[in-house]
1. Just list whichever of K148/K254; K4/K327; K4/K101; K135/K264 have alpha carbons separated by over 21 Å in the model shown.
2. Fewest first, what order do V329, V86 take by the number of other Cβ atoms within 10 Å?
3. For C234, C48, what's the fewest-to-most ordering of other Cβ within 10 Å of each Cβ?
4. Per-residue HN-Hα couplings for region 129-142, Karplus 6.51 cos²θ - 1.76 cosθ + 1.60 at θ = phi - 60°, whole Hz, x for Gly and Pro?
5. Considering Cα pairs under 8 angstrom that are at least six residues apart, work out the relative contact order of region 225-287 and quote it in whole percent.
6. For semi-axes √(5λ) of the Cα gyration tensor in Å, the listed values are (1) 51, 23, 19; (2) 36, 33, 24; (3) 31, 25, 20; which was obtained by calculation from the structure presented?
7. Packing-wise, with mean Cβ within 10 Å as the measure, how do 339-352, 188-201 rank, highest first?
8. Hey, what did the chain get for relative contact order, percent, Cα under 8 Å, at least 6 apart?
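Each reported figure results from applying straightforward, stated rules to the coordinates on display, with no laboratory input. What you are looking at is a predicted structure, and each value in this text was computed from that prediction instead of being measured. Every residue, glycine among them, receives a Cβ derived from its backbone with ideal geometry; neighbour counts consider all protein chains shown.
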Amino acid sequence: MRLKDCHGFSDFRELARRRLPSPIFDYIDGAADDETTYERNTKSFEKCDLVPSVLRGTENINMSVNIMGQKLEMPIYCSPTAIQRVFHHEGENAVAAAADKFGTLFGISSLGTASLSEIRERYDGPQCYQFYFHKDRELNQSMLESAKKANVDIMMLTVDTITGGNRERDLRTGFSIPFQLTLGGIFQFAIKPMWAINYLTHKKFSLPQLDDYVDMSDGPISIGRYFTEMLDPCMNWDDVATMVDYWDGEFCLKGIMSVEDAKKAVEIGCTGIVISNHGGRQLDGSRSSFDQLSEIVDAVGDDIDVIMDSGIQRGSHVLKALSLGAKAVGGGRFYLYALAAAGQLGVERALDLMRQEIERDMRLMGVSSISELSRANLRFR
């Protein structure tokens, strides 16, 4: 199987599975506990049907959207994710270059393996910074100042990770940073030698945003343990309000799931929220983002940019979310599988196929621009 054989989400997932050692694939593919929320995220779209209109003349399609002061040429963006260098040696640079080419948003994570300033200097497209709030307040201030200095367009504070989700696949394989694997995990690396060759012969793994503050000399740390031991469980609305005031720009909260929290985000001056359950990787049993979208849009949609992620696999999913009132959607696994499969070329193909799906589905829906989508073209079973 090669990149040219990938025509959708499941194909990229399969190619990534074939090329990655299973501990790394399972880190991308897995979720919390029994992974029921992860499965529900995509299944929730199946309860919603699109009602197309015909004879509308859809020769020219405009799928651009505006969110938090940024124009995106397509309504889906590459959600910031951690440790991309582990999935493919091109890492964040591959995703940033692909997003730049397609005119959509890309983000660097606090757990990114490329430096914020490096990415900002290389690519001109809209960028956000995914901020994790640490116990070390000096580190928090340093990251805020670095993002300001780099002129990042959007600050995106993740608020659903005050402790780590129970990701049992990682526990079984021993996946950690740096690697400390079980015997079964070591065997999986041995039978996928090309990944190891590329990993060892390219730029050394590092976490540039954290290197001066996080000491890993005592041994490897799992992502779950990182969340639990290093992130601040005491983070509260006053902390966030202080950050919003300091940032004095586009500020987004990622991980909002309740109407009450959405209203509070508006109250303290946020300009965007991402309805997200972290792709099912934190609280298993959480409601799906799509199921929660309409009531949050109804409550605050006129006051703040409402974005949705978790579960997006198809262009039709994007159109359903936009029809319910989301301004844009984010996706993680849809481009991470592609990155793992083929680096920048893989991400470009994933974005191009998604763009084609959205354009084709808009024509079939009888709409020429995103603004024509509404709840009138949806029915729920």
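1. K4/K327; K135/K264
2. Going from sparsest to densest Cβ surroundings: V86, V329.
3. Listing C234, C48 from fewest to most nearby Cβ atoms yields C234, C48.
4. Using θ = phi - 60°, the values come out as 10, 7, 9, 9, 8, 8, 4, 6, 5, 5, 4, 4, 5, 4 Hz.
5. 29 percent
6. Only one listed value fits the structure, namely (3).
7. The most tightly packed comes first, giving 339-352, 188-201.
8. This gives 29 percent for the chain.
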